[in-house]
Amino acid sequence: MQKFENFLYILALAAGCCISVPLRLNEINFNGDCLLFGKLDILTNTIFMGSQAYCNLTFFSSLSNAILAIFLGLGNCCCNIHTYNWSVVYFKFMATILAAIAWINCLVCTIFIVTGFNKWCNSVTNNGNIERCKNAENWDWTVYTPASIDGSNFYTHLFMAEVASYSALGIWFIIVMFSGINFKKNLFKMKASENYLTDERMAYSSPIQEIPFYEVTSDRGSRYL
């Protein structure tokens, strides 16, 4: 189970990178401006960018989740070495709490990415008179304001971030479940070991004293009591 949990942390790291990297590349192509919740005015060939706070929130949220996945993955590998220890129990509890926070963080990030992306694409399809938002990548973006923007890959970048955000949301939910199960499992083992319980038998802190035998002899023979 712990190997599968480590695999989930690797997936969470990859998902976090697949969110933050495309978002940052898209900002670079648009001169550092945020395209989420943006609007297109086809009459004046002007793009009204969204607030930079949206892109900063989604970028740093996904980046922090990726870093957290590395931390929890390394900690989980250390727990494989020291199996029966109270520090392992404390780490499993902390991992469950941090994974839950990461899931909430990912939920907020997903909402902003999906909502902002859809609003921008609706503006493009409605004002640009095209059926699909992806078709706008073929436009001549040099005629649009602000100047020196490159929208040839905006849909690819934002769609990749959207898919990765959905994936990260599911991955972190599974991590929360597995972390909670492992915490309860390790907590039970530690309490059992403190009560001198093992998996198959009862262990005692002191050796069991042997029961003495007494021999009683008589004319009818010997008896042991």
>> If I go through region 12-36 residue by residue, how many of them are in contact with a His (Cβ under 7 Å, 6 or more places away or on another chain) and open to solvent by 50 Å² or more (accessible area, probe 1.4 Å)?
In response: 1
> Given the conditions (1) part of a strand (DSSP E or B); (2) among the charged types (D, E, K, R); (3) open to solvent by less than 70 Å² (accessible area, probe 1.4 Å), and given that residue 39 satisfies all but one, which numbered condition is not satisfied?
Replying inline: (3)
>> Residue under question is residue 99, and the condition is that it be surrounded by 15 or more Cβ atoms within 10 Å (Cβ to Cβ), touching a residue at least 12 places away in the same chain (Cβ under 8 Å), closer than 26 Å to residue 189 by Cβ and among the small types (Gly, Ala, Ser); does it hold?
In response: yes
> Can you find a residue in region 180-195 that is open to solvent by less than 80 Å² (accessible area, probe 1.4 Å), at pLDDT 85 or above and not small (Gly, Ala, Ser)?
Replying inline: no
> In the list 9, 90, which residue meets the criterion of being open to solvent by less than 50 Å² (accessible area, probe 1.4 Å) and either within 16 Å of the chain's Cα centre (by Cα) or free of Cβ contacts under 8 Å to residues at least 24 places away in the same chain (or both)?
Replying inline: 9
>> Step by step: first the residues of region 113-143, then only those that are open to solvent by less than 80 Å² (accessible area, probe 1.4 Å) and outside any helix (DSSP H, G or I), then the one that is modelled with the highest pLDDT. Which residue is that?
In response: 139
>> Taking the conditions exactly as written (at pLDDT below 90, within 30 Å of residue 7 (Cβ to Cβ), open to solvent by less than 20 Å² (accessible area, probe 1.4 Å) and not aliphatic (A, V, I, L, M)), does residue 80 satisfy them or not?
In response: no
>> So, residue 168, is that one surrounded by fewer than 20 Cβ atoms within 10 Å (Cβ to Cβ), in a helix (DSSP H, G or I) and not β-branched (Val, Ile, Thr) or not?
In response: no
> Out of region 42-65, which residues are part of a helix (DSSP H, G or I) and either crowded, with 22+ Cβ neighbours inside 10 Å or hydrophobic (A, V, I, L, M, F, W, C) (or both)?
Replying inline: 53, 55, 57, 58, 59, 60, 61, 62, 63, 65
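The values are calculated or read from the model by the stated rules, or taken from the named source; none is laboratory data. As the structure is a prediction and not an experimental result, all values here were calculated from the model. Positions of Cβ are backbone-derived with ideal geometry, glycine not excepted, and every protein chain shown enters the neighbour counts. Surface accessibility is based on the protein's heavy atoms, side chains included, excluding ligands, DNA and RNA. Shrake-Rupley method; radii C 1.70, N 1.55, O 1.52, S 1.80 Å.
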